[in-house]
Amino acid sequence: MLDWTDRHDRYFLRLISKHAFLYTEMVTTGALIHGDSDRYLRFNNEEHPVALQLGGSDVADMTACAKMAEDFGYDEVNINVGCPSDRVQRGAFGACLMAQPELIAECVDAMQQAVSIPITVKNRIGIDEQDEEVSLRNFVKVVADSGCKTFIIHARKAWLKGLSPKQNRDVPPLNYSLVYEIKREYPDLEIIINGGITTIEECQEHLKFVDGAMVGREAYHNPYHMIDVDAALYNDPHPIATRQQILQQFIEYTEAHLSEGVPLKHMSRHILGLFQGQVGAKAFRRHISEQAHKKGAGIEVLIEAGSFINHSE
């Protein structure tokens, strides 16, 4: 599973893996109900399987947005109970809802009655001064009793007071063993682990104890690092594309969307990490960063950037 993506990035990640489940960036119910829902919900057919991650806590709004997601063709709706940002807290959703498992259970129940696609939950192991052993077990029990079958568990607490969202990704200690225990206690649930996972080897180790592993920012910053995931985890030994082949496919995708009026910078930012660790990668990133935002910028920017690879920085 790959997290933190918009539709252009999801298309790019699909060039890396044919099988991994892709998740949208969190979209709030307010943005869908009161904003341009088509803008937030559009995706490419190549992205399947793809899940919409929702931020919200009003049962009626969550249900309405689940219906939108199903109508748009999403394969899953995921409720965000993990984001610790101040903005999210002010909206009364995200990680602060770890303190209200009954409300999440009510949302799950209503959403499942309204749609036929799965409703899943992505949560932390606790927040602030909660005893994580107690809080996680209580949260999973209450929400599972409502019919939720899949939990994506970020194996850290979220500190809503005193730590920034960035710090909340690194500072609270990971407690993988607690997530493993939840799987042992609930063998019929699908338990997917998240937090600090950066390699396929780490995924394979976690899969000895849980049903799935989610990779977040590493898949964004160093995507080619995951190129063997289909063979390693999905038993699909299809030919592996080179970085240059992936770049060419993305150039073709970009050209098609430029003709629809999508600015180059909205697409090109997602491939900055494609050549991570390769000679010329710095020049590749710099050229795109300096040129893609300019008026009229087109695929020539990506072609020129690609020419820096295998040249001295």
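Assorted remarks:
- Odd one out for Q204, checked against (1) without any contact (Cβ under 8 Å) to a residue 24 or more places away in the chain; (2) surrounded by fewer than 16 Cβ atoms within 10 Å (Cβ to Cβ): (1)
- Considering T150, T198, the condition of being surrounded by fewer than 23 Cβ atoms within 10 Å (Cβ to Cβ), among the hydroxyl-bearing types (S, T, Y) and modelled with pLDDT of 95 or more is satisfied by T150 alone.
- Residues in the stretch 1-31 that are in a strand (DSSP E or B) and of a type in the set (V, I, T) were compared, and the one that is modelled with the lowest pLDDT is T5.
- E46 surrounded by fewer than 21 Cβ atoms within 10 Å (Cβ to Cβ), free of Cβ contacts under 8 Å to residues at least 60 places away in the same chain and closer than 20 Å to Y234 by Cβ: yes
- Neighbours by Cβ (under 6 Å, 6+ apart or cross-chain): first from the stretch 226-254, farther than 28 Å from S307 by Cβ; second in a helix (DSSP H, G or I): V229/I200; A232/I200; D236/D230; P237/A231
- Lone qualifier among A51, A31, A60 - being within 24 Å of P101 (Cα to Cα) and either touching a strand residue (DSSP E or B) at 6+ places or on another chain (Cβ under 7 Å) or of a type in the set (V, I, T) (or both): A51
- Residues that are of a type in the set (D, E) and at pLDDT below 95 were ranked within the stretch 87-130; the one that is surrounded by the most Cβ atoms within 10 Å (Cβ to Cβ) is D128.
- Selection from the stretch 131-146 of residues that are of a type in the set (A, V, I, L, M, F, W, C) and either closer than 17 Å to D188 by Cβ or crowded, with 17+ Cβ neighbours inside 10 Å (or both): L136, F139, V140, V142, V143, A144
- Matching residues, the stretch 16-26, being surrounded by fewer than 21 Cβ atoms within 10 Å (Cβ to Cβ) and closer than 24 Å to A60 by Cβ: E25
- Listed by position, the helices (runs of 4 or more DSSP H) enclosed by the stretch 38-133 that each have at least 3 residues that are of a type in the set (A, V, I, L, M, F, W, C) are 59-72, 101-114.
- Tally, over the stretch 174-197, of residues that are more than 17 Å from R137 (Cα to Cα) and out of contact with any strand residue (DSSP E or B) (no Cβ under 7 Å at 6 or more places or on another chain): 1
- Selection within the stretch 134-154: residues that are touching a residue at least 40 places away in the same chain (Cβ under 8 Å) and outside any helix (DSSP H, G or I). The member of this set that is farthest from I117 (Cα to Cα) is H154.
- Some residue of the stretch 239-246 being farther than 29 Å from R42 by Cα and touching a helix residue (DSSP H, G or I) at 6+ places or on another chain (Cβ under 7 Å): no
- Matching residues, the stretch 145-170, being touching a Leu at 6+ places or on another chain (Cβ under 6 Å) and farther than 15 Å from V121 by Cβ: R156
The values are calculated or read from the model by the stated rules, or taken from the named source; none is laboratory data. Since the model is a prediction, treat every value here as computed from it, not as a measurement. A quick note on method: Cβ atoms are made from the backbone with ideal geometry, for glycine too, and the neighbour counts reach across all protein chains shown.
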